[in-house]
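Report on the following structure.
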Amino acid sequence: MELVFQEQQIEFSEIPSSDEVFTKINDLLDRNYYFSHFIADGTEIYEDHEAYLNVNLDRIEKIEIIAKTEKEFMNDIFLSAEDYLKRAKPELAALTDGFYSNPTAETHTSFSQLMDGLQWLDEMLTLIAVSSERPPNGEVYEELMQTLQTQIAQLGVAVENSDNILIADIIQYELIPIFKKLETIIGESIDMVGTRHDLS
């Protein structure tokens, strides 16, 4: 099997394990690139990479690694975050209403999805804070990260105490304004240093 990244190639004389493949991928990428996905014998694999390799390694002849520079990676993060925030804002209003009234199983499912989204946003803000491709308005991200982390902790306390009113208050009076501000700041960052994909 052959592993290819740009002009570099690694040839495995025997069928490697998925761990060996990922070790070699990391060796090839170094710190200047972020792994995006790979192409295995012409098939693009964007997720569940390890599972795909575990099932197909004995049949794969060539894996082409697709990676992004830090600038490209950060741009994709900004675009994903902007999209998430636009989609999440209407859901937050419905979630607030659900906790102010009588939360249903659907309300709790939506809340669980919100918590996953908050974790992703926190990780994104952390990446922006340490990136060498940090936008000129980068200090605002650090402030928002600290504010978001405080509100996540407050939500944890409200959940532990089964305080539905406090959960709704935090969403309405803290998270919705954070989401709006983040959407504005991310839009400004994209306009300053990023690019939007051409939709035409």
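We did not get these values from a lab; they are worked out from the coordinates using the rules stated. From a predicted model like this one, the values you see are computed outputs, not experimental measurements. Reconstructed Cβ throughout: ideal geometry from the backbone, glycine too, with neighbour counts over all protein chains shown.
Data for the structure
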quantity	calculated
Segments classed as helices (runs of 4 or more DSSP H), wholly inside the range 14-121, with at least 3 members that are surrounded by 14 or more Cβ atoms within 10 Å (Cβ to Cβ) and either of a type in the set (Asp, Glu) or touching a residue at least 60 places away in the same chain (Cβ under 8 Å) (or both)	70-100
Extreme residue, farthest from the chain's Cα centre (by Cα), among residues of the range 28-53 that are charged (D, E, K, R) and over 16 Å from Glu64 (Cβ atoms)	Asp30
Residue list for the range 5-22, filter: among the small types (Gly, Ala, Ser) and either on the phi > 0 side of the Ramachandran plot or over 25 Å from the mean Cα position of the chain (by Cα) (or both)	Ser13, Ser17
